[in-house]
Amino acid sequence: MANWKKGRRNFLISAVVIGGSVTAAMQFGLPYLRRKAFDFLSEGGPPGGGTGDNPALWISIDTDNTLHLQVPKVEMGQGVHTALGQIVAEELEVSWERVSVSQGSTLTGPVDSFGTGGSASISGLYLPLRQLTANYRSMLITAVSEEAGMPVQLSKGVFSASGKMIMTLAEATRLDRDWVIPEDDAPLKPASEFKLIGKSVPRVDYLDMLTGIPHYAYDLKSSKQKTYYGAVAKPPKIGAVLENVRTETAKQMQGVIEVIEDGEFVGIIGESRESAWLACDALDIKWQTAETIDQDSLDFALDPNAKDSVVLKKTGDLDFVFSNPNTIRAEYSTPFAATALLEPQSSFAELIENDILRVRTPTQFPNTTASNIAKRLGIEEHKVEVIPTYLGGGFGRRSKTESAIEAAVLAYKTGLPVHVGWRREDEFLHDRFRPPTRHILHGLVEKSGHISGIQHLQASGDVLLSDLPSIAASILGSDFGATRGINVAYEIPSLELRAKRTPLPVPTASWRGLGLLANTFATESFIDELAVSASEDPLSFRIKHLPQGDKIRLRNALQRVGKMADWNRKRPTGTGLGVACCQDYGTVIAQVAEVSVESGDIRVLHIWAVMDCGLAVNPDGAINQVEGNIVWGLGSALHEEITFFDNKPLAQNFDKYPLLRLSETPRIKVELIQSELPPQGVGEPAIGPVPAAVANAVYAASGKRLRSLPLRL
Amino acid sequence: MKITINRKEYSVNEHELDRKLLWFLRDELGLVGTRYGCGAGLCGACTVLVDGQPYRSCITPIGAVADGQLVETVEGLGSKQKLHPVQRAFIEEQAPQCGWCMSGQMMMAVSLLNNNPTPTDTEIEEFMTQNYCRCGSYNRLRRAVKRASRY
Ligand code: FES
Ligand code: FES
């Protein structure tokens, strides 16, 4: 296709807060600005990216009339390729069997300056991508109508007029003419005519996955020549720096092709993966350790009471809460956790034609990865192509892919195609951990049974700030990743939320849902404590604090999950129900856990969940995400904890960091409330309420209130 | 020496007998459907069948299976055109999320059903719990194995 007009629409969402902030800060003062920033960031949600206005970058139709969609969003099991396929096939009238979806790269396909994360892909692209496709459809219909000399319709990939077939979609896209993007947007297909959006169509990507066809980064090798394997020395302790290295022994080892030294970088290229690993372990390196890191010093660092914590929200006055003898005070905490994705990271780099270094890597942020590689090698960015692979799990860990740089350096320095795969031990030692949190809450329930005030003081390690320019940290003061989910959905006259950002000496970053799990654990456990203190039923107590109006969706979800769980039915002694809920951007979710407590063991028997995520493009896919989140949440509730000793996490493999197993997984029932809203996030919200629902159920079953994760009786 | 994988014979050098089967399959033979998760026998992602029994290939030396045993990997189950009933059931239940654990899960399911074509829910639970799924598809894995047992 030729003659595309460009750049009509622009979805630049970049540094809204950071960019506009400096002047606003001078005008209104920093505290004001910080509260505004919190409102913006907790309601707006992360950017999902735009489409640009050139359909040819996204859509092509093969000669056999198959719709081929190339997308910038990365698939990591969340079903984004399937959902994007549904959106385009819907607007272009293609049946589901005729849809294929593939991954674009940083040099081909649509541009996506953001990346994949924050449960924002579908919510961000739903309307822009429909519009792009609808415009394309209208261009095609105009073209075929002109060709046929009469108005035509498009259905099931075929254009026809008065029941007679004129041509296929494939033929229409190949018409020799000037294609001009219409000035005005074409009308979108009305929802009442949807055949694919809102339907549980099967995932597009299962066949390769389940038949062993290379699909993931760890599976890759050169298609043209022998592939070499790389391994790069990494500090044996966090914070250690390479002082000097002797490579003689490693060089002599069997299967070693080359040893690359470049400043602090020492890497091996080997004939086989194992020979590279062995030689890498045999490098004689002197490491210099900086400060000592152990668990006590880390625990001590978090102080929710810190005077310089940042006010995120303040409504009403709280003095009456602190002076009242009936005020409830409680402290909660959550530990470090590992990301522990099942596929260890790996990358494959090779030089291709035109001196382009092609790096296939499991990244959620391809553009950042490409520019980091270019910077590291001192080459121009357009000389680096990053092709994101299918990810064996993402969950925030793939916001940074260290192996991409490792493979890039080795391949660039030697000209060889190199695959660098991390070992499980590397993953644990060099993880970017979920930071620990501490929470102090005060709250008061009046005689009327209504909460009159809550104060939540939170301290957390960094989630997002450590990766942003330091100007962002000094303006924001708190970490908007760490405070995700701290907002309280209930109507409470006096409310104060404060956060103390605490950079820690071990790397902490995104972990599924960011702060959502920790903050919801604290808030929703505390709401339960308040309900109990007022001898109120925890479910109706919550519902009562969600008046009609904009809280109606959460209220409905709670009511419905109560029915599913048969909330009022008495359970046997030693068994109890707990409820918890949260709002995460535009998605609300309520859950009930049924737990039995027997001889010191917590056993989760059932979880019921009701989620309202607006229109679910693929309901079964959304339910799959909720189930997965529940399992993650249970892992955190029952097992997951990283502790440090001597600058290392104690866990180096799954023996010391058990994940939740199938036999520990309760019966899970999920229902969706299909609402009128456009699609909202589904990849993370459901993780929020899980630990609180379980802890509240443990209380109901045993009378024991557990306030730190993992829950231990 | 010879090793039989998916009914095909491959030769292995004497000095390779200590090498772990996982990396031989993946990097040498290109049978990358057998996945790596921990390298320590803890997660089950690398499960293959040896004479019908599940083996964790990341801790199994080639030498241990080069004595006439029959090794089966996911590539031997079925092709895109002709799926194995277990593969079909996994798709029908839309079980996978990221999918990295799924070859191992399917090999476990095949071995369970070979030895016990009509397992009870508890039997499925006890057998399948040996493998991790980080994405948490457990609810669907239960259903998928049950469904496969009915085909
Ligand atoms: S990779 Fe073999 S059990 Fe984990
Ligand atoms: S589907 Fe991702 S680990 Fe099982």
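Counting only other chains, what is the mean number of Cβ atoms within 10 angstrom of the Cβ of each residue in peptide B:14-25?
Whole-number average of other-chain Cβ neighbours for B:14-25 is 1.
What average number of partner chain Cβ atoms lie no more than 10 Å from the Cβ of the residues making up A:69-78?
Shielding by partners across A:69-78 averages 2.
Can you tell me the relative contact order of region B:85-149? Whole percent, Cα pairs under 8 Å, sequence separation 6 or more.
Relative contact order, region B:85-149: 54 percent.
Round to the nearest 10 and report in Å² the accessible area of B:Cys58, as given by a 1.4 Å probe over the protein chains' heavy atoms.
Roughly 10 Å² of B:Cys58 is accessible to a 1.4 Å probe.
Taking the convex hull of the Cα atoms, report for region A:61-152 its projected area averaged over all directions, in nm².
The number I arrive at for region A:61-152 is 6.8 nm².
For region A:250-313, what does the equivalent ellipsoid look like in terms of its semi-axes, each the square root of 5 times an eigenvalue of the Cα gyration tensor, given largest first in whole Å?
44, 14, 12
Based on the mean of other beta carbon atoms within 10 Å per residue, what is the order of B:128-137, A:165-174, B:114-123, A:120-129, most packed first?
Highest mean packing first, the order is B:128-137, A:120-129, A:165-174, B:114-123.
For the pair B:Asn116 and A:Thr292, how long in nm is the line joining their label points, each one 7 Å along Cα→Cβ?
Label at B:Asn116, label at A:Thr292, 5.2 nm between them.
Which percent, to the nearest 5, of DSSP beta bridges fully inside chain A are antiparallel?
Restricted to chain A, the bridges split so that about 70 percent are antiparallel.
Based only on Cα atoms, what mean projected area does the convex hull of chain B have, in nm²?
Its average projected convex-hull area is 8.4 nm².
Under the 0.36 nm per residue contour assumption, what length would be gained going from the current alpha-carbon distance of A:Ile471 and A:Phe194 to full extension?
Contour length minus the Cα-Cα distance gives 95.1 nm.
If you consider only alpha-carbon coordinates, what radius of gyration and Dmax does the protein assembly as shown have, in Å?
Answer for the protein assembly as shown, Rg first and Dmax second: 27.6, 84 Å.
Could you check the spin-label model distance between A:Phe320 and A:Leu713? Points 7 Å from the Cα along Cα→Cβ, value in nm.
Rounded to a tenth, the inter-label distance reads 4.1 nm.
Report the dimensions of region A:599-713 along its three principal axes from the alpha-carbon atoms, largest first, rounded to Å.
That works out to 51, 36, 24 Å along the principal axes.
Over the heavy atoms of A:Lys251, what accessible area does a 1.4 Å probe trace out, to the nearest 10 Å²?
The accessible area comes out at roughly 110 Å².
For region A:404-445, place one equal point scatterer on every Cα, skip the solvent, and apply the Debye formula. What is log10 of I(q)/I(0) at q = 0.18, 0.35 Å⁻¹?
-0.71, -1.11
In Å, what is the Rg of the alpha-carbon atoms in region A:383-507, and how long is Dmax?
Using the Cα atoms of region A:383-507, the pair Rg, Dmax is 21.3, 76 Å.
Percent of Cα-Cα pairs per 10 Å bin, from 0 to the last occupied bin, for region A:45-210, please list those.
10, 39, 36, 12, 2
Hey, what D do you get for region B:85-149 in µm²/s if you plug the Kirkwood alpha-carbon radius into Stokes-Einstein at 37 °C and 0.692 mPa s?
290 µm²/s
Using mean Cβ contacts within 10 Å as the protection proxy, how do A:478-486, A:354-362 order, highest first?
Ranking, from highest mean packing down: A:478-486, A:354-362.
In cubic angstrom, how much convex hull volume per residue do the alpha carbon atoms of region A:437-574 span?
Enclosed volume per residue, from the Cα hull, is 149 Å³.
Return the calculated 222 nm mean residue ellipticity for chain B, to the nearest 500 deg cm²/dmol, obtained by summing -39500 (n - 2.57) across DSSP H runs with n ≥ 4 and dividing by the residue count.
Rounded to the nearest 500, it is -8500 deg cm²/dmol.
Between A:Asp176 and A:Glu676, what's the calculated FRET efficiency when r is the beta-carbon distance and R0 is 41 Å? Round to 0.05.
The formula returns an efficiency of 0.40 here.
Lysines within cross-link reach of B:Lys20: Cα-Cα under 29 Å, excluding same-chain residues under 8 positions apart?
Result set, ordered by chain and number: A:Lys221, A:Lys224, A:Lys226, A:Lys234, A:Lys237, A:Lys251, A:Lys648, A:Lys656, B:Lys2, B:Lys8, B:Lys80.
If I take R0 = 41 Å and measure r between the Cβ atoms of A:Phe300 and A:Asp550 in this structure, what FRET efficiency does the formula 1/(1 + (r/R0)^6) give, to the nearest 0.05?
0.50
For A:Glu427, A:Glu183, give the ranking by accessible area with the largest first, probe 1.4 Å.
Greatest to least solvent exposure: A:Glu183, A:Glu427.
What is chain A's relative contact order, in percent, from Cα pairs under 8 angstrom and six or more apart in sequence?
This gives 14 percent for chain A.
Please give the average number of partner chain Cβ atoms lying within 10 Å of the Cβ of each residue in A:388-400, rounded to a whole number.
Going residue by residue through A:388-400 and averaging, the value is 2.
How do A:Lys73, A:Lys383 rank by accessible surface area computed with a 1.4 Å probe, from largest to smallest?
Final ranking, largest accessible area leading: A:Lys383, A:Lys73.
Under 22 Å from the Cα of A:Lys551, which lysines turn up, not counting those fewer than eight places away in the same chain?
Partners found: A:Lys36, A:Lys313, A:Lys314, A:Lys563.
Take the alpha carbon gyration tensor of region B:35-76, find the square roots of its eigenvalues, order them as a ≥ b ≥ c, and report rounded if a/c is under 1.5; if not, report prolate when a/b exceeds b/c, else oblate.
oblate
Could you calculate, for region B:62-101, the ratio of the Cα radius of gyration to the Kirkwood radius, expressed as Rg to Rh?
Here Rg/Rh amounts to 1.12.
Determine which aspartates and glutamates satisfy two conditions relative to A:Lys156: a Cα distance under 20 Å, and not lying fewer than 8 residues away in the same chain.
A:Asp62, A:Asp64, A:Glu90, A:Glu91, A:Glu93, A:Glu97, A:Glu147, A:Glu171, A:Glu193
Starting from the residue with the highest accessible area, list A:Val88, A:Val532 in decreasing order, probe 1.4 Å.
Accessible-area ranking of A:Val88, A:Val532, largest first: A:Val532, A:Val88.
Averaged over every viewing direction, what's the projected area of the C-alpha convex hull for region A:249-401? Give it in nm², one decimal, please.
16.0 nm²
Counting only heavy atoms of protein chains, what accessible area per residue, in Å², does chain A have with a probe of 1.4 Å?
38 Å²
What nm distance separates the two modelled labels at B:Asp51 and A:Val245, each placed 7 Å from Cα along Cα→Cβ?
4.5 nm
The values are calculated or read from the model by the stated rules, or taken from the named source; none is laboratory data. All of these numbers come straight from a predicted model, not from anything done at the bench. Using ideal geometry, Cβ is built from the backbone for each residue, glycine included, and neighbour counts are taken over all protein chains shown. These accessible areas exclude ligands, DNA and RNA; they are computed on the full protein's heavy atoms, side chains included. Shrake-Rupley method; radii C 1.70, N 1.55, O 1.52, S 1.80 Å.
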